[in-house]
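Read through the structure below, which is laid out as structure tokens, and then see the notes.
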Amino acid sequence: MSNPNPLDLDIARRAPTSQRAQTIAATASAQAIGGHVSLTIDGQPVKVPLGTTILEAAKTIGAHIPTLCHHPDLCVAGVCRICSVEVEGMRTLQAACAFPVTAPIHVHTHTRKVRQARRHIVDLLLSDHYGDCYTCKRNNNCELQSLAQEYAVDFFRFGHPEKPRHTIDTSSYSVVRDLDKCVLCRRCVRTCIDLQEVGTIEVLGRGDQSHIKAFQDKPLGDVVCINCGQCINRCPTGALHAHDDTDEVWAAIDDPKKHVVIQTAPSPRAAIGECFGMPPGTPLTFQLNTALRRAGFDRVFDTNFSADLTIMEEGTELLFRLKKALLLREPAAFPQFTSCSPGWVKYLEHFYPEYIPNLSTAKSPQQMFGAVIKTYYAQKHGIDPKDIVTVALMPCSAKKFECNRPEMDASGFKDVDYGLTTRELARMIRESGIHLPDMPKSDFDQPFGTATGSGVIFGATGGVMEAALRTVLEVVTGKPVEALFENANIQPVRGFEGVRYVELPIDEVGPVPDLFKDHVPHWNFLKGQTLKVAVAHGTANAKKVMEDIKRGGQFSKCHFIEFMGCPGGCLGGGGQPIPTTPEIRKARAAAIYSEDADYQIRKSHENPDVMRIYNEFLTDGPCSHRSHELLHTHYVVRGKYIE
Amino acid sequence: MNSIPTFSSMTPEAGLKKAMELSRPDIIAEISASNLKGRGGAGFPTGVKWNFAASAHADRKYIVCNADEGEPGTFKDRVILQEYADLVFEGMTIAAKAVGAKEGILFLRGEYTYLRPHLEAVLQRRREAKLLGPEVLGAVFPFDIRIFMGAGAYICGEETALIECIEGFRGEPRNRPPFPVNTGFLGRPSVVNNVETLAWAACILQRGADWFKSHGTEKSTGIKIFSVSGDCEKPGIYEFPLGISVLELLKKVGGEHARAVQIGGASGLCVPASEFHRAIAFEDIPTGGSVIVFGPQRDMLEVLHNFLEFFVDESCGQCTPCRLGNRKLLEGVEMLQAGTCSMTYLRELCALGESMQLASKCGLGQSSPSAFLSVVKHFRDELMGRVTLPTHG
Ligand SMILES: Cc1cc2nc3c(=O)[nH]c(=O)nc-3n(C[C@H](O)[C@H](O)[C@H](O)COP(=O)(O)O)c2cc1C
Ligand code: SF4
Ligand code: SF4
Ligand code: SF4
Ligand code: SF4
Ligand code: FES
């Protein structure tokens, strides 16, 4: 097993330098003296590594400097100027977020000049801000609102718009844009162009005419946007929010004829507590079950079930591709790419459509569950599928687009009716008068009540790969994964490194399990092979890997690659609570991995509910004709040019 | 054509030949000794700038000549390029030798596109004369210059926005530090100098630092080229030693009856008649060379309105104080014109102007309130007649 350095490809930079942190190379002599610099902040001495920004230095001594355009995930823009501080000897104030300390300076964070400038900046922002906090999605979680409070705004010094100047863009299934609330911090632009390397939105116009727009001022629904919602998660105000489906879901709940079923994914469960004041990384999975029933959902299912189902289908697909290539010596598309992240899928459809054959045809867990509920579950319980409303609680805004893809109707109905984000569901729960952390715990409903740890870790980057490996390695070698990896924790694919690459030599093979007997005579073609896999999260990292594959590099030799559209995987999805930062992602991941460790069953192919569906319903096994009809899909060549 | 006598009196290429004989530190020492300060407006010592770039370690370095000349009332760079392009290119070549650059870029204002054929011809002639190319003057010193056309935005004259622009991005100022001398074009050390600065550098190499210092004041050495316009008898291009008083200058151009003079363009200072004794020099009234004369009949509010409209339009829109502040100042002037501005609000606007000067990201927003503040300060009586007085309290 080796783990060579993930590629560090020199891909053309996307965000201009004007919106980037500029680094100052420390001189050799400065490094020799330890590369540190001493400064004072409000009279307090601080010692920091050379090049640390004033903002970071201030944090180390607990001095609060307000920020607006700054975000820990993004490059530095230095545009809002709210973080202005006084540096002795300098004529103008300096932006603390963008000023790298390289000399022993004296900083003052709240002098009269500083306070006046900040107050004016807030006043100016409000003079250009049309919005009503009562009716705003970000009420009580808005950085502009907090600044107004912090700087004691008691009237609109420079006026306040009385009429909207923009129309709200609701063209996208996922992202709604209300430019009247935009403060032009450009976080969304930097998110899209730099963190995600999609580049959907940019600043157009100059001066006070500047505004955030997509290509040629087109609505977001008509341009190359992957619906990842990462921009929403970084917007400090209500200018961006996810398309709201709660009214429709309430209507279904209120309709006595409807059987409303909700599936909950692992990532929102690890994060929804944040919406109720809990520290990040507080899993509330079983409290949520109770809350959902009280809110009126008829059944509460665990997306982990269909995650396990996905592993069976996607893992089998991989084994079949390997058989095709190695045993039958026929062409097969390698590497196989995961397909459970709809943001990633759309990214590939736009930017690398020639690689569609590499995408696993397996639907995402959300969509598989919808199809199973409206067929298997409906039959088993004698419910007319037209009366079933399937709701999915997802960490993701792209799931809203996914469930509306026209091809997602294998059951004869729309497989999933509504995808709700973590934030939307938190609102519904609050509206039901429920304080989630206070709920007693309760289990998921049958017949999908048993989950495995493999399903849970889908929420973290590397999780799908780990789950797939747990199953594939056991199926092929006939030995427990624990023999290879302690506690079945496949550490090399875990972590937050943007791109990870792992080689797994298959020294021995075992007998073919019953489920595959009809399709595979033996595993000998895998003996002595080295399984090469990789993981990438966030489309910027996906791009690195794809460019390498195009060049025929290291990653083109992989067998299987997990791609997630969002940084950190689903736990960092665009539907998750705001804020999402590197620390918060870490806390959510810790919650997910600890849940995994607590499960009795850790491997998808050992999930009895999954085995039952193959015994009772999909009797020809994974990747059979029936399962293809229900659980697999096809993709659309979209390309990156807009008419 | 000899609008600028001192430039006309120079021997072609004498400065460059001298520079070829000198070591890099010696060239910089000569420029530093002359105390030449940037002619683009900010007045940064050119020797210090070159020295920073010379001592930075990098595989490539660049010399960029800033010919964006967007400041209202400035046209001296255009005349210099038209009549003394060789002197400017000579200066760029000397700078290249001094800092170790192989490539020079002339950033030419979009409106000056008509100058391009002439400039390309001059460059071609210099290449043929081995004044540019793989071996400048037969030495192991490759250097060439290309022309990059601006697209007409004032902000692209700001050196970091200019670099963004050459790199193919929206012209917006970068965060500083670090400065272009350290991290400039394509992340490499880059010297950005005004057209006139580079021409003077060539003159200094030819005639020596002492000659240069014999003009001007101790802190503002040398001669400066001025673009004079407005209500005066003889608008046009002038050369005067720095330190000249406003009144002296006005006398020479036939504008001594002015009620005020705008020095340094729209972003400069509005100097009232009562202060015409002040000196035009970096230590008193700094300037990039624009002098706009306002005759007795001028309405200062109209002047302000004009300037602020310009800034509202030309702000890149990146940072809050400038994007929204200039709009508020403009609205304030309109309120004053309409007689609907209260004293309290005028005071608030002045405070806002100070905040803009302090907190804007680049020189545009930092200097755009200057005219507003100086007019409010110096023409109080005129404005007072137009503010609304409180009806109570
Ligand atoms: C808004 C703005 C516009 C500017 N426009 C010009 C310009 O048109 N020409 C110029 O030489 N410098 C301009 N400058 C100054 C440049 O940023 C820079 O200081 C100058 O090119 C340095 O050259 P110097 O040291 O030779 O003066 C501008 C600065 C600002 C803030
Ligand atoms: S964006 Fe913030 S300040 Fe604006 S209406 Fe919404 S909550 Fe209020
Ligand atoms: S949803 Fe994703 S792709 Fe679309 S604009 Fe936002 S960040 Fe860009
Ligand atoms: S939409 Fe939001 S993130 Fe984007 S610039 Fe406006 S306020 Fe900032
Ligand atoms: S001060 Fe004005 S021109 Fe300069 S960066 Fe800010 S908005 Fe742009
Ligand atoms: S937070 Fe520093 S400029 Fe916006």
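The values are calculated or read from the model by the stated rules, or taken from the named source; none is laboratory data. This one's a predicted model, so the numbers in the text were calculated from it and none came from an experiment. Counting neighbours? That spans all protein chains shown, and the Cβs are built from the backbone with ideal geometry, glycine included. Ligands, DNA and RNA are stripped out before the accessible areas are found, and what is left, the full protein with its side chains, is counted by its heavy atoms. Shrake-Rupley method; radii C 1.70, N 1.55, O 1.52, S 1.80 Å.
Go through B:GLU111, B:GLU172, B:GLU164 for me and flag whichever is assigned to a helix (DSSP H, G or I), within 14 Å of chain A (Cβ to nearest Cβ) and of a type in the set (Asp, Glu). Before the answer, list the steps.
Working: B:GLU111 fails: within 14 Å of chain A (Cβ to nearest Cβ); B:GLU172 fails: assigned to a helix (DSSP H, G or I).
None of the others qualify; the one that does is B:GLU164.
With the stretch A:25-107 as the region, which strands (runs of 3 or more DSSP E) entirely inside it contain at least 2 residues that are within 11 Å of chain B (Cβ to nearest Cβ) and either modelled with pLDDT of 95 or more or farther than 21 Å from B:ARG174 by Cα (or both)? So that I can check it myself, show each step before the final result.
Values: elements: A:36-41, A:44-49, A:84-87.
Correct list: A:84-87.
In the stretch A:211-254, which residue that is within 14 Å of chain B (Cβ to nearest Cβ) and of a type outside the set (Val, Ile, Thr) is farthest from ligand 1 (Cβ to nearest atom)? First the steps, then the outcome.
Taking the stretch A:211-254 and keeping what is within 14 Å of chain B (Cβ to nearest Cβ), we get A:211-213, A:236-237.
Keeping just the survivors that are of a type outside the set (Val, Ile, Thr) gives A:211, A:213, A:236.
Working: A:HIS211: 22, A:LYS213: 25, A:PRO236: 28 Å.
That would be A:PRO236.
Quick check, is A:GLY528 over 22 Å from the mean Cα position of the chain (by Cα) and either part of a strand (DSSP E or B) or closer than 26 Å to A:GLU313 by Cα (or both)? Talk me through it step by step, then tell me what you get.
Working: over 22 Å from the mean Cα position of the chain (by Cα): yes; either part of a strand (DSSP E or B) or closer than 26 Å to A:GLU313 by Cα (or both): yes.
Against the criterion (over 22 Å from the mean Cα position of the chain (by Cα) and either part of a strand (DSSP E or B) or closer than 26 Å to A:GLU313 by Cα (or both)), A:GLY528 qualifies.
Failed condition for A:THR200, given (1) within 13 Å of chain B (Cβ to nearest Cβ); (2) of a type in the set (Ser, Thr, Tyr); (3) near ligand 3 (Cβ under 10 Å from one of its atoms), with all others met?
Every listed condition holds for A:THR200 apart from (1).
All but one of (1) over 22 Å from the mean Cα position of the chain (by Cα); (2) farther than 21 Å from A:GLU143 by Cα; (3) within 14 Å of chain B (Cβ to nearest Cβ) hold for A:LEU179, so report the exception by its number.
With respect to (1) over 22 Å from the mean Cα position of the chain (by Cα); (2) farther than 21 Å from A:GLU143 by Cα; (3) within 14 Å of chain B (Cβ to nearest Cβ), A:LEU179 is out only on (2).
Identify, please: which residue in the stretch A:124-147 is touching an Asp or Glu at 6+ places or on another chain (Cβ under 9 Å) and within 16 Å of B:PRO321 (Cα to Cα) and is, among those, nearest to the other protein chains (Cβ to nearest Cβ)?
Taking the candidates together, the pick is A:ASP128.
Test B:PHE372 against the criterion of being within 10 Å of chain A (Cβ to nearest Cβ), away from ligand 6 (no atom under 16 Å from the Cβ), open to solvent by less than 10 Å² (accessible area, probe 1.4 Å) and among the aromatic types (Phe, Trp, Tyr), and give yes or no.
Working: within 10 Å of chain A (Cβ to nearest Cβ): no; away from ligand 6 (no atom under 16 Å from the Cβ): yes; open to solvent by less than 10 Å² (accessible area, probe 1.4 Å): yes; among the aromatic types (Phe, Trp, Tyr): yes.
Here the answer is no, as B:PHE372 does not meet what is asked.
Would you check which residues across the stretch A:549-569 are hydrophobic (A, V, I, L, M, F, W, C) and either surrounded by fewer than 22 Cβ atoms within 10 Å (Cβ to Cβ) or more than 28 Å from A:SER146 (Cβ to Cβ) (or both) and list them? Give the derivation first.
In the first step, residues of the stretch A:549-569 are kept if they are hydrophobic (A, V, I, L, M, F, W, C); the result is A:549, A:555, A:558, A:560-561, A:563-564, A:566.
Hits for the stretch A:549-569 are A:ILE549, A:PHE555, A:CYS558, A:PHE560, A:ILE561, A:PHE563, A:MET564.
Quick one: A:VAL545 ticks every box in (1) farther than 23 Å from A:CYS623 by Cα; (2) assigned to a helix (DSSP H, G or I); (3) open to solvent by 10 Å² or more (accessible area, probe 1.4 Å) except a single one, so which number is it?
Unmet for A:VAL545, out of (1) farther than 23 Å from A:CYS623 by Cα; (2) assigned to a helix (DSSP H, G or I); (3) open to solvent by 10 Å² or more (accessible area, probe 1.4 Å): (3).
Residue by residue, here is whether (1) under 18 Å from A:GLY463 (Cα atoms); (2) modelled with pLDDT of 95 or more; (3) open to solvent by 20 Å² or more (accessible area, probe 1.4 Å) holds:
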{"site": "A:ILE253", "(1), (2), (3)": "no, yes, yes"}
{"site": "A:THR264", "(1), (2), (3)": "yes, yes, no"}
{"site": "A:ARG269", "(1), (2), (3)": "yes, yes, no"}
{"site": "A:ILE272", "(1), (2), (3)": "no, yes, no"}
{"site": "A:THR290", "(1), (2), (3)": "no, yes, no"}
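What do you reckon, is B:GLU103 closer than 20 Å to B:LYS49 by Cα and without any contact (Cβ under 8 Å) to a residue 12 or more places away in the chain?
Values: closer than 20 Å to B:LYS49 by Cα: yes; without any contact (Cβ under 8 Å) to a residue 12 or more places away in the chain: no.
Criteria not met by B:GLU103.
Which of the residues that make up the stretch A:119-151 are away from ligand 5 (no atom under 16 Å from the Cβ), open to solvent by less than 70 Å² (accessible area, probe 1.4 Å) and either farther than 20 Å from A:HIS243 by Cα or not assigned by TED's automatic domain parsing to the domain that holds A:CYS182 (or both)? Step through it out loud before you land on a result.
Step one: of the stretch A:119-151, the residues away from ligand 5 (no atom under 16 Å from the Cβ) are A:119, A:122-123, A:126, A:129-151.
In the following step, the residues that additionally are open to solvent by less than 70 Å² (accessible area, probe 1.4 Å) were identified as A:119, A:122-123, A:126, A:129, A:131, A:133, A:136, A:138-139, A:141-148, A:151.
Passing the criteria: A:ARG119, A:VAL122, A:ASP123, A:LEU126, A:HIS129, A:GLU143, A:LEU144, A:GLN145, A:SER146, A:LEU147, A:ALA148, A:TYR151.
Check off (1) open to solvent by 20 Å² or more (accessible area, probe 1.4 Å); (2) in a loop (DSSP other than H, G, I, E, B) for A:ARG115 and give me the number that stays unchecked.
(2)
How many residues, within the stretch B:175-189, are at the interface with another protein chain (Cβ under 9 Å from one of its Cβ atoms) and outside any loop (DSSP other than H, G, I, E, B)? Don't jump to the end; show me each part of the working.
So in the stretch B:175-189, the residues at the interface with another protein chain (Cβ under 9 Å from one of its Cβ atoms) come out as B:175-178, B:182-183, B:187.
Cutting the leftovers down to outside any loop (DSSP other than H, G, I, E, B) gives us B:187.
Qualifying residue count for the region: 1.
Applying the selection to the stretch B:287-340, what residues are open to solvent by 60 Å² or more (accessible area, probe 1.4 Å) and in a loop (DSSP other than H, G, I, E, B)?
B:PRO296, B:GLN297, B:ARG298, B:THR340 - these are the residues of the stretch B:287-340 that are open to solvent by 60 Å² or more (accessible area, probe 1.4 Å) and in a loop (DSSP other than H, G, I, E, B).
Matching residues to (1) farther than 23 Å from A:SER397 by Cβ; (2) not small (Gly, Ala, Ser):
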site	(1), (2)
A:ALA534	yes, no
A:ALA542	no, no
A:GLU547	yes, yes
A:ILE578	no, yes
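Results for (1) within 16 Å of ligand 3 (Cβ to nearest atom); (2) closer than 17 Å to B:CYS319 by Cβ; (3) touching a residue at least 40 places away in the same chain (Cβ under 8 Å), shown as yes or no for each residue.
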{"site": "A:GLN44", "(1), (2), (3)": "no, no, no"}
{"site": "A:ALA57", "(1), (2), (3)": "no, no, yes"}
{"site": "A:ALA63", "(1), (2), (3)": "no, no, yes"}
{"site": "A:GLY78", "(1), (2), (3)": "no, yes, no"}
{"site": "A:ARG81", "(1), (2), (3)": "no, yes, yes"}
{"site": "A:VAL85", "(1), (2), (3)": "no, yes, no"}
{"site": "A:ARG91", "(1), (2), (3)": "no, yes, no"}
{"site": "A:ALA98", "(1), (2), (3)": "no, yes, yes"}
{"site": "A:ALA103", "(1), (2), (3)": "no, no, yes"}
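Within the set of pairs 6+ apart or on separate chains, which have a first residue in the stretch A:137-151 that is outside any loop (DSSP other than H, G, I, E, B), a second that is modelled with pLDDT of 95 or more and within 16 Å of ligand 3 (Cβ to nearest atom), and C-beta atoms under 7 Å apart?
Every condition considered, the pairs that remain are A:GLU143/A:PRO236; A:GLU143/A:THR237; A:LEU144/A:PRO236; A:LEU144/A:THR237.
So is B:SER23 crowded, with 19+ Cβ neighbours inside 10 Å and either assigned by TED's automatic domain parsing to the domain that holds B:VAL136 or touching a Ser or Thr at 6+ places or on another chain (Cβ under 8 Å) (or both) or not? Talk me through it step by step, then tell me what you get.
Values: crowded, with 19+ Cβ neighbours inside 10 Å: no; either assigned by TED's automatic domain parsing to the domain that holds B:VAL136 or touching a Ser or Thr at 6+ places or on another chain (Cβ under 8 Å) (or both): yes.
No; evaluated as a whole, the condition is false for this residue.
For a quick check of your reading of the model, give me the residue pairs whose first member lies in the stretch B:164-183 and is under 21 Å from A:PRO100 (Cβ atoms), whose second is open to solvent by 20 Å² or more (accessible area, probe 1.4 Å) and outside any loop (DSSP other than H, G, I, E, B), with beta-carbon atoms closer than 6 Å and at least 6 apart or on different chains.
These pairs meet every condition: B:PRO180/B:GLU159; B:VAL181/B:LYS49; B:VAL181/B:PHE52.
Going by the conditions given, is A:ALA152 more than 9 Å from chain B (Cβ to nearest Cβ) and on the phi > 0 side of the Ramachandran plot?
Numbers: more than 9 Å from chain B (Cβ to nearest Cβ): yes; on the phi > 0 side of the Ramachandran plot: yes.
It is true that A:ALA152 is more than 9 Å from chain B (Cβ to nearest Cβ) and on the phi > 0 side of the Ramachandran plot.
Condition check ((1) open to solvent by less than 50 Å² (accessible area, probe 1.4 Å); (2) within 16 Å of ligand 5 (Cβ to nearest atom)) across all residues:
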{"site": "B:ALA101", "(1), (2)": "yes, no"}
{"site": "B:PHE107", "(1), (2)": "yes, no"}
{"site": "B:ARG127", "(1), (2)": "no, no"}
{"site": "B:GLY133", "(1), (2)": "yes, no"}
{"site": "B:GLY157", "(1), (2)": "yes, yes"}
{"site": "B:GLY168", "(1), (2)": "no, no"}
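Going by what's in this entry, would B:ALA351 be described as out of contact with any strand residue (DSSP E or B) (no Cβ under 7 Å at 6 or more places or on another chain), surrounded by fewer than 24 Cβ atoms within 10 Å (Cβ to Cβ), within 14 Å of chain A (Cβ to nearest Cβ) and not charged (D, E, K, R)? Break it down into steps so the answer makes sense when it comes.
Numbers: out of contact with any strand residue (DSSP E or B) (no Cβ under 7 Å at 6 or more places or on another chain): yes; surrounded by fewer than 24 Cβ atoms within 10 Å (Cβ to Cβ): yes; within 14 Å of chain A (Cβ to nearest Cβ): yes; not charged (D, E, K, R): yes.
So B:ALA351 passes the test.
Provide a single number: the residues in the stretch A:173-200 that are away from ligand 2 (no atom under 16 Å from the Cβ) and closer than 22 Å to A:GLY419 by Cβ.
7
Does A:LEU204 fit the bill of being among the aliphatic types (A, V, I, L, M) and surrounded by fewer than 20 Cβ atoms within 10 Å (Cβ to Cβ)? Please lay out each step first, then the result.
Working: among the aliphatic types (A, V, I, L, M): yes; surrounded by fewer than 20 Cβ atoms within 10 Å (Cβ to Cβ): yes.
Here the answer is yes, as A:LEU204 does meet what is asked.
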